[in-house]
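Scroll down for the structure; my scribbles are underneath it.
The values are calculated or read from the model by the stated rules, or taken from the named source; none is laboratory data. Bear in mind the structure is a predicted one, so any value in this text is a computation, not a measurement. In this analysis, Cβ positions are derived from the backbone assuming ideal geometry, glycine residues included, and neighbour counts consider all displayed protein chains. These area figures cover heavy atoms from the full protein model, side chains too; ligands, DNA and RNA do not enter into them. Shrake-Rupley method; radii C 1.70, N 1.55, O 1.52, S 1.80 Å.
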Amino acid sequence: MHMPQEKTAFNRRQFLKASVGIATGLIVGLYLPLRNRAVASQDTPMQPNAYIHLKPDNTITVLVKHIEIGQGAFTGMTTLIADEMDADWSQMKAQHAPANAELYKNLAFGIQGVGGSTGLANSYMQMRKAGAMMRDSLVRAAADKWNVSPDSIEVTKGVIHHKASGKSAVFGELAEAASKIEPNQNPALKSPESFIYIGKPVPKIDTTVKTNGTAQFTQDVQLPDMRYAAVAHPSHFGATIKEVDDSKAMKVAGVLGVHKISSGVAVVATSTYAAIKGRDTLKLTWDTTKAETRSTDDITQEYVDKTTTTGIKAASHGDTTSALKNAQSTFEAVYTFPYLAHTPMETLDAVVRANKDGTVEVWMGSQMQTVDQGTVASVFGVKPEYVSINTQLGGGTFGRRAQPTSGFAKEAAEIAKTQPKGTPVKLMWTRENDVQGGRYRPLTVHRVVTGTDNKGNISAWQHVIATQSIVAGSPFEQMIKDGIDPTSVEGASDFPYTIANRDVSLHTMSNPIPVLWWRSVGHTHTAYVVETALDHALSRTETDPIEGRRALLKDSPRDLGVLNAVVKLADSAGKAPVGHARGIAVHKSFGTYVAQIAEVTKTDDGLVKVTRVWCAVDCGLAVNPDIVRAQMEGGIGFGLGAILEEEITLGKGGMVEQSNYDSYHPLRMPSMPEVEVVIVPSGESPTGVGEPGVPPIGPAVANAWRSLTGQMITNLPMNKAIRRAQEAS
């Protein structure tokens, strides 16, 4: 149990004294620089943090401030520290840091949490400096002990040597002495040519526990006297509970109680099975007065109609209106993108226990610890520091666990509050809860008009977007500037192609359907529109899609770099087989540049089959090339499922029509194409790779399909559009 700690403005030295015992080893804290709230640097204010725990047994545990959800956070952070320490990889361990925004905030957000592929990018200098500081303290401790100059000491694979005297020691032997040394606030960092682990394919540090079954996820948390909960949610988004008849539920063996909470009706029982069985016998009457009762088709039509007028300007260059009026020819297309669910393999789950001393403990795969901590505290009416978040490994998320309003943590806390003090309650959503419970990628409509002049140039680009805001009404609402939620237009308002006359505008739509950032967020639809509309515009002037892009990217060297790299990679595979075609797309998201070429053919049913994908990525310095490749491969598979088959639809009356994997179709293993990835060498600082692999795959496939069949698909998912066309023909 974690006792509450009053917030104090302790300095780093005080932190060491309070945290370090000789018997438990040495914890390193450090002052950290900020750079534009994104990446650590040398010229901004410092603050204390604690990231390394060195035990006398010579193990080094890295406290990772970001959740590990399969993206490699544990390995990446540990790599940076191990390299600067000159540690041996076998002595490295990793665990989640506790919830403490003061110590473990994301330098991009200012709170503890991760998203937007910021994990490694915001920690790169921070972790390296922590490792260098630790190494410096250990070297000086050895120098003092041996009465030699620190400059005469060498460190190799976790062993400190003094060549002249022949003396040596492992890190753990010097932990006590090092803990008494005032750390160097500005230790020297390695030059890239001295890196041992950074830039190398270091084995993932959590592979063993994840393959032998000992890794602990929230579902594995078991506590004495635990109770279990399931929740019945409203039948419609925006509906509220009117009447509850729990007479049958209370007769189910194991059911202990039925409770109204703000998100629905919770059943608490002695097992998850009993809780779900009791929930399913509830007779509930919902008030749908303020609920969304329209169908997806109705909502889509509203959005389509809205895009006939321009919205709030998100980007404007030149005189688009005049350029379109004077164009030799124009082309207009309307794109529709459906709501999408995240469907991580591990559905949302949490354990909450309110203790008799007023503290609250939470076990969950928290992606935004600060928000979850504050929300749970609010439910129980205590200070945030009275709530401890024990972050668990997450079985995927794709954005689902990064809830700006912390709805799931609130739900779990409200249920726990109904139970006697000291009683832990585990809440677990079913797949049906997950698919029908909302928090989707927003339904979005784009209208694009392109114009070409009499010289064959793309002379005008008018782009109107209609979608819901993800951050409106949330603690992140401050992201909205001048009426523009940047997540709605990212990738469209800032695309790199040189087109003289270009307007991008936004209509922010409103309805009760809850939306959330979905892996790659706005880039997943803006990249599709930009890259397919551009490809089509180039084809209308009989311009080669690769050469046309090269010409338009002449002022964007990193975009051009990945374009050339992926072309070279695909060319090395030879020409596409008969009956196949290839398409290309280039897109930058979250600071990372990605180009992909997809090769497609037709299935026997006339649908899209993707056979091969080539991918080039420039993410700055690739800290772990294997993880970079894995994230690109995973992003391609994730994106393919979405563009080919996935959609959440509301039927007549406004109820969600999908419920589980039988009706919601992420990519199946047999449909995964062969993928090759090349990493473009770069001396730039690392940027994220968790999301940028997703956006280009959709347009690359769509461009290949148009090349193969002549069919330009603007309504997703693609296979649904093809089936409709088949039925209409």
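If you take the beta carbon distance between Thr207 and Glu684 as r and set R0 to 30 Å, what does 1/(1 + (r/R0)^6) give as a FRET efficiency, to the nearest 0.05? Can you show the working numbers first?
Working: r = 28 Å, r/R0 = 0.95.
Once rounded, the FRET efficiency stands at 0.60.
Please tell me which of these pairs span more than 30 angstrom C-alpha to C-alpha: Lys180/Lys356; Lys65/Lys383; Lys290/Lys383? Mind showing how you got there, number by number?
Details: Lys180/Lys356 38 Å; Lys65/Lys383 21 Å; Lys290/Lys383 34 Å.
Among Lys180/Lys356; Lys65/Lys383; Lys290/Lys383, the Cα-Cα distance tops 30 Å for Lys180/Lys356; Lys290/Lys383.
List the lysines whose Cα sits under 23 Å from the Cα of Lys602, skipping any in the same chain fewer than 8 residues away.
Lys575, Lys720
At 1.4 Å probe size, with every protein chain present, just tell me what the per residue accessible area of region 649-706 comes to in Å². Could the numbers behind the result be given before it?
Values: 2380 Å² over 58 residues.
Result: 41 Å² per residue.
Just subtract the alpha-carbon distance of Thr214 and Arg540 from 0.36 nm times their residue separation and send over the number in nm, one decimal. Intermediate results must be reported in sequence, preceding the final value.
Details: separation 326, 0.36 × 326 = 117.36 nm, distance 5.74 nm.
Extra length available between Thr214 and Arg540 comes to 111.6 nm.
Using only alpha carbon pairs under 8 Å that are at least six residues apart, calculate the relative contact order of region 572-729 and give it in whole percent. Spell out each step's value before the answer.
Details: 302 pairs, mean separation 55.9, N = 158.
It rounds to 35 percent for region 572-729.
Would you please give the FRET efficiency between Asp604 and Thr405, computed as 1/(1 + (r/R0)^6) with r the Cβ-Cβ distance and R0 = 41 Å, to the nearest 0.05?
Numbers: r = 46 Å, r/R0 = 1.12.
Plugging the Cβ-Cβ distance into 1/(1 + (r/R0)^6) gives 0.35.
What aspartates and glutamates does Lys652 reach when the alpha-carbon gap must be under 17 Å and sequence neighbours fewer than 8 apart in one chain are set aside?
Here the aspartates and glutamates satisfying the reach criterion relative to Lys652 are Glu292, Asp297, Asp298, Glu302.
Using a 1.4 Å probe on the protein heavy atoms, what percent of the accessible area of the chain belongs to carbon and sulfur? It would help to have the intermediate numbers written out before the result.
Details: 14660 of 28920 Å².
Within the chain, the accessible surface is 51 percent carbon and sulfur.
Set Lys and Arg Cβ to +1 and Asp and Glu Cβ to -1, take the dipole of the chain about its Cα centre, and tell me which of Thr281, Val675, Ile480 lies farthest positive.
Checked the options; the winner is Thr281.
Quick one: dipole size for the chain, taken about the Cα centre, charges +1 on Lys/Arg Cβ and -1 on Asp/Glu Cβ, in debye to the nearest 20. Mind showing how you got there, number by number?
Values: 72 positive and 73 negative charges, 186 e Å.
Dipole about the Cα centre, nearest 20: 900 debye.
On a full-extension model of 0.36 nm per residue, what is the gain between Thr285 and Asp319, subtracting their alpha-carbon distance, rounded to one decimal in nm?
Working: separation 34, 0.36 × 34 = 12.24 nm, distance 5.55 nm.
Fully extending the segment from Thr285 to Asp319 adds 6.7 nm.
For region 359-371, take each phi angle, set θ = phi - 60°, evaluate the Karplus expression 6.51 cos²θ - 1.76 cosθ + 1.60, and give the result in whole Hz per residue in order, putting x for glycine and proline.
3J(HN,Hα) across region 359-371, in whole Hz: 7, 10, 10, 10, 10, 6, x, 7, 9, 10, 4, 5, 5.
Please identify the longest segment of the chain free of exposed GluC sites (Glu not before Pro), where exposed means a DSSP state other than H, G, I, E or B and no more than 10 other Cβ atoms within 10 Å. Each step should come with its number before you reach the end.
Values: sites that count: Glu6, Glu542.
Longest site-free region, per DSSP loop and neighbour criteria: 7-541.
Residues with beta-carbon under 12 Å from that of Tyr661, excluding Tyr661: net charge, scoring Lys, Arg +1 and Asp, Glu -1? Present the calculation step by step, with values, prior to reporting the outcome.
Details: positive: Arg431, Arg668; negative: Glu432, Asp434, Glu645, Glu646, Asp662.
Combined, the nearby Lys, Arg, Asp and Glu give -3.
Would you calculate the separation in nanometres between label points at Met669 and Ala573, each defined as 7 Å from the Cα along the Cα-to-beta-carbon direction?
Each label point lies 7 Å from its Cα, and together they span 2.2 nm.
When only alpha-carbon atoms count, how far does region 151-233 stretch along each of its three principal axes, as whole angstroms with the largest first?
Sorted largest first, the three principal extents are 70, 33, 28 Å.
Suppose we keep just the DSSP beta bridges with both residues in the chain; what percent of those would be antiparallel, to 5? Show your work: numbers first, answer last.
Working: 88 of 119 bridges.
Expressed as a percentage, antiparallel bridges in the chain total about 75.
For Lys248, list the lysines whose Cα falls under 25 Å from its own Cα; do not include residues on the same chain fewer than 8 positions away.
Lys260, Lys277, Lys283, Lys417, Lys426
Using +1 at the Cβ of each Lys and Arg and -1 at the Cβ of each Asp and Glu in the chain, identify which of Thr543, Thr649, Gln367 lies farthest towards the dipole's positive end.
It is Gln367.
Taking only C-alpha pairs under 8 Å that are 6+ residues apart, what is the relative contact order of region 360-517 in percent?
On the way: 219 pairs, mean separation 33.0, N = 158.
Computed over region 360-517, the figure is 21 percent.
How much length would be gained if the chain were fully extended between Glu182 and Asp225, taking 0.36 nm per residue of separation minus their Cα-Cα distance, in nm to one decimal?
Details: separation 43, 0.36 × 43 = 15.48 nm, distance 4.62 nm.
Answer, rounded to one decimal: 10.9 nm.
Mind listing the phi-derived Karplus ³J(HN,Hα) values for region 551-566, rounded to whole Hz, using 6.51, -1.76 and 1.60 with θ = phi - 60°, and x for any glycine or proline?
Result, ordered by residue: 5, 7, 9, 4, 9, 10, x, 6, 4, 5, x, 6, 4, 5, 5, 6 Hz.
Return the long-range amide H neighbours of Ser459 (sequence gap of 5 or more, or a different chain), with a cut-off of under 5 Å between placed amide H atoms.
Gly451, Thr452, Asp453
Grab the beta carbon distance between Gln726 and Met345, set R0 = 35 Å, and tell me the FRET efficiency rounded to 0.05. If you can, show how the numbers build up before the last one.
Values: r = 33 Å, r/R0 = 0.94.
That gives a FRET efficiency of 0.60.
How big is the Cα convex hull of the chain in projection, averaged over all directions, in nm²?
Numbers: hull surface 135.9 nm².
Quarter of the Cα hull surface area: 34.0 nm².
Sum up the charges of everything whose Cβ sits under 14 Å from the Cβ of Gly634, counting Lys and Arg as +1 and Asp and Glu as -1, but leave Gly634 out.
Numbers: positive: Lys204, Arg519, Arg629; negative: Asp626, Glu633, Glu691.
Value of the local net charge: 0.
In nanometres, what is the gap between the two model label sites at Lys190 and Ser90, each 7 Å from Cα along Cα-to-Cβ?
Taking the two extended label points, one gets 1.9 nm.
If packing is taken as the mean number of other Cβ atoms within 10 Å per residue, what is the order of 303-309, 715-721, 362-368, highest first? Write down the numbers at each step before the final one.
Details: 303-309: 15.6, 715-721: 19.9, 362-368: 26.1.
Taking the mean over residues of other Cβ atoms within 10 Å, the ranking is 362-368, 715-721, 303-309.
Could you derive backbone 3J(HN,Hα) for region 425-434 from the dihedral phi with the Karplus parameters 6.51, -1.76 and 1.60 (θ = phi - 60°), listing whole Hz in sequence and x where the residue is Gly or Pro?
Once rounded to whole Hz, the list reads 10, 9, 9, 9, 7, 7, 4, 5, 4, 5.
I need to check one value: relative contact order of region 43-123, counting alpha carbon pairs closer than 8 Å and at least 6 residues apart, in percent.
Details: 108 pairs, mean separation 25.4, N = 81.
Value for region 43-123: 31 percent.
How far apart, in nanometres, would the label points at Asn454 and Lys200 be if each is projected 7 angstrom from Cα along the Cα-to-Cβ direction?
Going by the 7 Å Cα→Cβ label model, 6.4 nm.
Given H placed on each backbone N at 1.01 Å, which residues far from Ile241 in sequence or on other chains put an amide H within less than 5 Å of it?
Asp287
Where does the chain land at 222 nm, in deg cm²/dmol rounded to the nearest 500, when only DSSP H runs of n ≥ 4 count, each adding -39500 (n - 2.57), divided by all residues? Could you put the intermediate results ahead of the total?
Working: 19 runs with 207 residues, N = 729.
Counting only the DSSP helices, I get -8500 deg cm²/dmol.
If you bin every alpha carbon distance in region 284-337 into 10 Å steps from zero, what whole percent lands in each bin?
Distribution as computed: 15, 33, 26, 14, 8, 4, 0 percent.
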